[in-house]
Amino acid sequence: MAGRTRVSRSSMVAVCLLLASLTACGGQSAAGTARDQVQRLLDRRAAAVLHHDPAAFAATGTRAPYPNLQAVPFAAWSYRVTEVRRSGDRATADAVLRYRVTGYDRAPVTAGRTLTLSTTADGKWYVVSDRPARKSGQQLWDQGPVSVVRGHSGIVLGVGQSDGTLHGYADLADHAVPAVSDAWGTDWSRHVVVLVPKSVGGMAALLGSPASNYRGIAAVTTGEAGGTGQAPADRII
């Protein structure tokens, strides 16, 4: 009798361990599957941006922000999903957006994004919203349709501005870049990306800071000083 009791307890322990293992594996598999599915969805979304395919983009969910960014010449655009938090047929995904503007960025610009997703009746994911991650600045296309003007020394991306205003900024860049090279030398790309939001509030949102920090400031420059030369282009906001 005692022997049978010992065997019974051992068997129960083995069964419990097996069930716990299967439950844990099942949970990891489900989470992993959702993350993989979301990554593939965002890969299709990124390809639609690069191929200028609004229909393919719309097939992945909300059309935003495609209409706002379709004029921008991108050499690269990709998402890397870092976390997916699922609750039933809804999920929130954290991702790193990486993109390069053609002819200007030698390395990608990176930005944190938070995406809200839902599932269709047949269980497929689609994007409901795509917004800046917490503590991350906006991208210009988060603020509205982007207009593009090219100069000899830079590209100007603007929101809520006239073509004349944007051409004026392109002319300023064409005059400023040689002047900077005369002062600092030519060991830099000598090409800039000029971002022109509609307001000081828009400038602050691009920089991820309160508007009060930029009252009375005409422009802010971000870029690499004394680096490897493999970096996003200098940006003048």
For this session: Identify, from the list Ser147, Ser118, Ser129, Ser136, the residue that is small (Gly, Ala, Ser) and crowded, with 18+ Cβ neighbours inside 10 Å.
Result: Ser147
Exercise. Only one of these conditions is not met by Leu97: (1) touching a residue at least 60 places away in the same chain (Cβ under 8 Å); (2) in a strand (DSSP E or B); (3) of a type in the set (A, V, I, L, M, F, W, C). Which number is it?
Worked result: (1)
For this session: All but one of (1) more than 17 Å from Gln37 (Cβ to Cβ); (2) touching a residue at least 40 places away in the same chain (Cβ under 8 Å); (3) among the hydrophobic types (A, V, I, L, M, F, W, C) hold for Val84, so report the exception by its number.
Result: (1)
Seminar exercise, completed: Inside the stretch 187-214, the number of residues satisfying the requirement of being over 17 Å from Tyr104 (Cβ atoms) and open to solvent by less than 80 Å² (accessible area, probe 1.4 Å) is 14
Seminar exercise, completed: Of the residues in the stretch 63-106, those that are surrounded by fewer than 19 Cβ atoms within 10 Å (Cβ to Cβ), touching an Asp or Glu at 6+ places or on another chain (Cβ under 9 Å) and under 21 Å from Ser136 (Cα atoms) number 9
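The values are calculated or read from the model by the stated rules, or taken from the named source; none is laboratory data. Remember, predicted model here, so these are calculated numbers, not experimental data. Cβ atoms come from the backbone with ideal geometry, glycine included; neighbour counts cover every protein chain shown. Only protein heavy atoms, including side chains, enter the accessible area calculation; ligands, DNA and RNA are left aside. Shrake-Rupley method; radii C 1.70, N 1.55, O 1.52, S 1.80 Å.
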